[in-house]
Amino acid sequence: MNIRFNRLPLRSKTFIFAALISLLLLVFSILFLTAIHAFESNVFQPILLFLLFAISFIIVFLFLKRFQVMLVAPVTDLVNTARIISDQKDYTVRVCSLYDDEFRTMSGAFNEMLDQIHSQDMELKRREKEYRKLYEESKKAEKVYRSLIHSSADPIIIYDIEGQITYVSPAFTSIFKWTVAETLEMETKFVPPSEHHAMQSIFADLIKNKKSFNEYETKRYTKEGDLLDVNISVSCFDDHEGKPAGILMMLRDMSERKRLEAQLMQSQKMEAIGTLAGGIAHDFNNILGAMMGYSEMMMMDVPKDTAHYDYLQQVMFAGMRAKELVKQILTFSRQKEQNRIPMKVDKIITEALNLLRASLPTTIDIRLKIDSVHGNIMADPTQVHQILMNLCTNAAYAMENKGELLVALEDEEIMDEGKKFDIEPGKYIKLVVSDTGKGMDQAIIKRIFEPYFTTKEQGKGTGMGLAVVHGIVKSYGGAIRVHSDKGVGTKFEILFPTIETHIDSKSIDNNPLPTGNERILFVDDEKVLAELGGSMLERLGYQVITRTSPVEAVEAFKNNPNSFDLVITDMTMPQMTGDVLAKEIMKIKPDMPVILCTGYSELMTEEKASASGIRDFFMKPFVLKDLADTIRTVLDLS
């Protein structure tokens, strides 16, 4: 009966309880009225009434208690369970109903809700764990990326989507000199105006198409206003939703690479000039050889006290000067080192200035002022020539090919002020080169000796001229002083330390030319020079056979090797070079002396010639005196 009652719906249970209480009240009412009629005694009536009241109260209380168990307890259990879940976050607690009624249905629904909450809570915890792991990994990755960006040798800039700078790396501050605060506040001060439109287009294309730009060569300003060559790589990065969040730009300073490229181009240009100069020198020295040789032979037939002799002597002087000039051009174009020798600087300056007059415009008034300088310097004549050439060409450019150029030499004694210029106290010879050009300000003067620094337009200068001058002068133990005023002009003062060595003037050798009667094979592919050589040697008394073909010369020697005492051959010839011809000759007759001469050749030096068994080596054009002395010396030692 109890089981069936527990399965009744709550509404039915409530109705039954209400009916039972009503029935009890009716019964007690009847009993009460009966008791009143039965016990009319006033003594028992109150006691009976009290007992009836107590019994009815107890019975009603018990019914209500039972009703509480059925109605209130399930609600209390539900409330307590909810409180436990709220306080302890324990979703494994469940509500248990003893009755098969609406409370059991409600408890079941509540338990199902707890199951779902528990399942969702477990899923949330799992996801939270995954997200926390991803967060930690992302923090580590961010730390690594920040470290990479922070330690990158190339400057890095990060822009927001609006194009405003939000971050710059330390390398950016180091190279461009902008502090972080200045960079974040400035707009595009380091971007040249000509590049603004291009950068806006790049940024817009990046955000729209997410296309990276790599190896974009451009220029950027430093804080000091210098314009650096840079290579830019730009890319767009997204936020967690995949939307564009900003732009990362990496800049690579290309200044050093540009300097190396300029240096390489300059080296290649000098190599090309050297190759051209070598070819010209060979032909030019052959021409000079003919001119000087025939002039010298004519001088032997003309009385010395005549005007014709003087004319021929001037031709010889001009030829010798041209020979030295070719030598200087070759040395400069090939950048070869020469040994420093004691020299009188005034003669070199005069010769160099005479050469420069032909290359400078006639609108420049060149003045030479050489005081009576005392002492000599230890230097390379070609390098002194190079110093003057660089200073004078710079002066001509500064004057825009119109003005006054002064070159002066004077003595100067440096005392205690030598420390200012990092030179030793003593006597110096001062070379002054001044112009009336546009002048320079102090900012430019501080940088003029830096390699590759130039104020000239692109393609008109390499920025190496004054750097080379500075290096040469410092290597001599000298100093350079610069004085310049804007709009007035510039004056360079070069201080060369003097030496005590005395240089004797070359005395004229009046000794007669050495002669002989030996048999000589003279080989030169130039017919004019072969005929000239034969005539000169015959003048000296030698028996000469000339050949213009090295192959014919070897054949002639092979046919009768004992009929020759000496072979003189040119170096640069078709079919066979002079050193190869000498080897062929010495194969036939090992002790045959050979003299090698050339107008110009990089393939042969005096050391190489000596190592090949060649007895002597000299350069064209040669004078009869040198040729006669060399031949006699070689023959006497053979």
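The values are calculated or read from the model by the stated rules, or taken from the named source; none is laboratory data. None of the values given here were measured: they were computed from a predicted structure. Here the Cβ positions follow ideal geometry from the backbone for every residue, glycine too, while neighbour counts run over all protein chains shown. These accessible areas exclude ligands, DNA and RNA; they are computed on the full protein's heavy atoms, side chains included. Shrake-Rupley method; radii C 1.70, N 1.55, O 1.52, S 1.80 Å.
Taking the stretch 236-258 on its own, how many of its residues are of a type outside the set (Val, Ile, Thr) and within 18 Å of Val191 (Cα to Cα)? Don't jump to the end; show me each part of the working.
Kept after step one, since they are of a type outside the set (Val, Ile, Thr), are these residues of the stretch 236-258: 236-246, 248-258.
Checking the rest, the ones that are also within 18 Å of Val191 (Cα to Cα) come to 248-255.
Residues in the stretch 236-258 being of a type outside the set (Val, Ile, Thr) and within 18 Å of Val191 (Cα to Cα): 8 in total.
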Give the stretch 224-251 a look and list any residue that's farther than 17 Å from Lys210 by Cβ and small (Gly, Ala, Ser), or say none. Gly225
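For the stretch 296-319, what are the residues that are open to solvent by less than 70 Å² (accessible area, probe 1.4 Å), without any contact (Cβ under 8 Å) to a residue 60 or more places away in the chain and either within 18 Å of Met619 (Cβ to Cβ) or not hydroxyl-bearing (Ser, Thr, Tyr) (or both)? Explain how you work it out, then say what you get.
Of all residues in the stretch 296-319, those open to solvent by less than 70 Å² (accessible area, probe 1.4 Å) come to 296-297, 299, 302, 306-307, 309, 312-313, 315-316, 318-319.
Next cut, without any contact (Cβ under 8 Å) to a residue 60 or more places away in the chain only: 299, 302, 306-307, 309, 312-313, 315, 318.
Once the filter is applied, which keeps residues that are open to solvent by less than 70 Å² (accessible area, probe 1.4 Å), without any contact (Cβ under 8 Å) to a residue 60 or more places away in the chain and either within 18 Å of Met619 (Cβ to Cβ) or not hydroxyl-bearing (Ser, Thr, Tyr) (or both), the stretch 296-319 yields Met299, Val302, Ala307, Leu312, Gln313, Val315, Ala318.
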Some residue of the stretch 199-206 being closer than 24 Å to Ala153 by Cβ, more than 24 Å from the chain's Cα centre (by Cα) and of a type in the set (D, E, K, R): no
Cβ pairs under 6 Å, 6+ apart, first in the stretch 556-567 and closer than 13 Å to Ile585 by Cβ and β-branched (Val, Ile, Thr), second part of a strand (DSSP E or B) and open to solvent by less than 10 Å² (accessible area, probe 1.4 Å): Val567/Leu521; Val567/Val594
Within the stretch 535-576, can you find the residues that are outside any strand (DSSP E or B), closer than 28 Å to Lys625 by Cβ, β-branched (Val, Ile, Thr) and at pLDDT 90 or above? Thr548
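If the requirement is being modelled with pLDDT of 75 or more, in a helix (DSSP H, G or I) and open to solvent by less than 20 Å² (accessible area, probe 1.4 Å), which of these qualifies: Leu288, Leu251?
Details: Leu251 fails: in a helix (DSSP H, G or I).
Within the list Leu288, Leu251, the selection yields Leu288.
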Can you find a residue in the stretch 190-212 that is at pLDDT below 80, open to solvent by 40 Å² or more (accessible area, probe 1.4 Å), under 30 Å from Tyr135 (Cβ atoms) and not in a helix (DSSP H, G or I)? yes
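Within the stretch 597-612, is there a residue that is modelled with pLDDT of 90 or more and open to solvent by less than 30 Å² (accessible area, probe 1.4 Å)?
Step one: of the stretch 597-612, the residues modelled with pLDDT of 90 or more are none.
No: the stretch 597-612 contains no residue that is modelled with pLDDT of 90 or more and open to solvent by less than 30 Å² (accessible area, probe 1.4 Å).
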All-but-one check, Lys89 against (1) on the phi > 0 side of the Ramachandran plot; (2) at pLDDT 75 or above, failing number (2)
Taking the stretch 361-398 only, how many residues are touching a Lys or Arg at 6+ places or on another chain (Cβ under 8 Å), under 21 Å from Thr436 (Cβ atoms) and in a loop (DSSP other than H, G, I, E, B)? 2
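Considering only the stretch 372-394, how many residues are open to solvent by 70 Å² or more (accessible area, probe 1.4 Å) and either touching a residue at least 40 places away in the same chain (Cβ under 8 Å) or within 12 Å of Phe496 (Cα to Cα) (or both)? Lay out the reasoning, then the answer.
Going through the stretch 372-394, the residues open to solvent by 70 Å² or more (accessible area, probe 1.4 Å) turn out to be 372, 374, 378.
With either touching a residue at least 40 places away in the same chain (Cβ under 8 Å) or within 12 Å of Phe496 (Cα to Cα) (or both) added as a condition, the list becomes 374, 378.
Within the stretch 372-394, residues that are open to solvent by 70 Å² or more (accessible area, probe 1.4 Å) and either touching a residue at least 40 places away in the same chain (Cβ under 8 Å) or within 12 Å of Phe496 (Cα to Cα) (or both) number 2.
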